[in-house]
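**Q** One structure, pasted below without further comment.
The values are calculated or read from the model by the stated rules, or taken from the named source; none is laboratory data. The model shown is predicted, which means the values in this text are computed figures rather than measured ones. Here the Cβ is made from the backbone with ideal geometry for all residues, glycine too, and neighbour counts use every protein chain on show. These area figures cover heavy atoms from the full protein model, side chains too; ligands, DNA and RNA do not enter into them. Shrake-Rupley method; radii C 1.70, N 1.55, O 1.52, S 1.80 Å.
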Amino acid sequence: DLRILVSYPELLGKIADEMISLAKPLKFDRIAGIPYTALPIATAISLKTGWPMLYARKEVKDYGTQRKLEGVFKAGETALVVDDLITTGESKFETIAPFEEAGLKVKDVVVLVNREQGGKRLLEAKGYHLHAVLGIHEILDILKKEGKVEEALYDNAMAFLEANQV
């Protein structure tokens, strides 16, 4: 459950560092945090690097500015999407849409975890590039090596992943 990262600032900082190392070679003007889990990650990245951040609201309020996007940007700039994970990739198009509708370009998506169930392939088919800190197979291998997951559970998880590859 990545939503609890907000309660572990040191770990959140380490995750931000890993995602920063993936993002550094990419070309972008702003980072785009995705509600809700990735907002603290994107904020940590922004604070560590000075990269300007913006985010899309899940719900537009019927009062105040009624903006879908929060933050300062200009149409034509490039936004790097920062999210916690990707599975099939379908939800990423909903995530990217408000930024592109506002005139921002999106080329790259950086995530902490690639659940390796077709998301990378689907994004690439639509012209986006996925960059992940960890893949789910790598996570399971680490957990097994460290004795944090029993052999039977590891085997079941690997079988599930193999059966559900898209």
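**Q** Given the -39500 (n - 2.57) contribution per DSSP H run of 4+ residues, what per-residue ellipticity at 222 nm results for the chain, rounded to the nearest 500 deg cm²/dmol?
**A** Value at 222 nm, helices only: -12500 deg cm²/dmol.
**Q** Stretched out fully, how many nm does the piece from residue 7 to residue 39 gain, at 0.36 nm a residue minus the Cα gap?
**A** Full extension of this stretch gives 10.2 nm more.
**Q** Round to the nearest 10 and give me the degree value, 0 to 90, for the angle of helix 151-163's Cα axis relative to the longest principal axis of the chain.
**A** On a 0 to 90 degree scale, this one is about 50.
**Q** While we're looking at this one, here's another question. Please go through the residue pairs 24/48; 14/145; 68/120; 107/145 and name each one whose alpha carbons sit more than 24 Å apart in this structure.
**A** Violating the 24 Å Cα-Cα cut-off are 68/120; 107/145.
**Q** Between residue 137 and residue 124, how many nm apart are label points set 7 Å from Cα along the C-beta direction?
**A** Using points 7 Å along Cα→Cβ, the separation is 1.3 nm.
**Q** Heavy-atom accessible area of residue 55 with all protein chains present, probe 1.4 Å, nearest 10 Å²?
**A** 70
**Q** Run the numbers for residue 20 and residue 105: contour at 0.36 nm per residue of separation, minus the present Cα-Cα distance, in nm.
**A** 28.6 nm
**Q** Any idea of the accessible area per residue across the stretch 82-140, 1.4 Å probe, to the nearest Å²?
**A** For the stretch 82-140, the per-residue accessible area is 44 Å².
**Q** Computed on alpha carbon atoms, what radius of gyration and Dmax characterise the chain, expressed in Å?
**A** When restricted to Cα atoms, the chain yields Rg and Dmax of 16.8, 54 Å.
**Q** Which FRET efficiency, nearest 0.05, do residue 29 and residue 152 yield, Cβ-Cβ r, R0 41 Å?
**A** 0.30
**Q** Counting residues in the stretch 101-166 as N, plug N into 2.2 N^0.38 Å and put the Cα Rg over that result.
**A** For the stretch 101-166, the normalised Cα radius of gyration is 1.39.
**Q** Per residue, how much accessible surface does the stretch 1-46 expose to a 1.4 Å probe? Answer in Å², no decimals.
**A** Accessible surface, normalised per residue, equals 54 Å².
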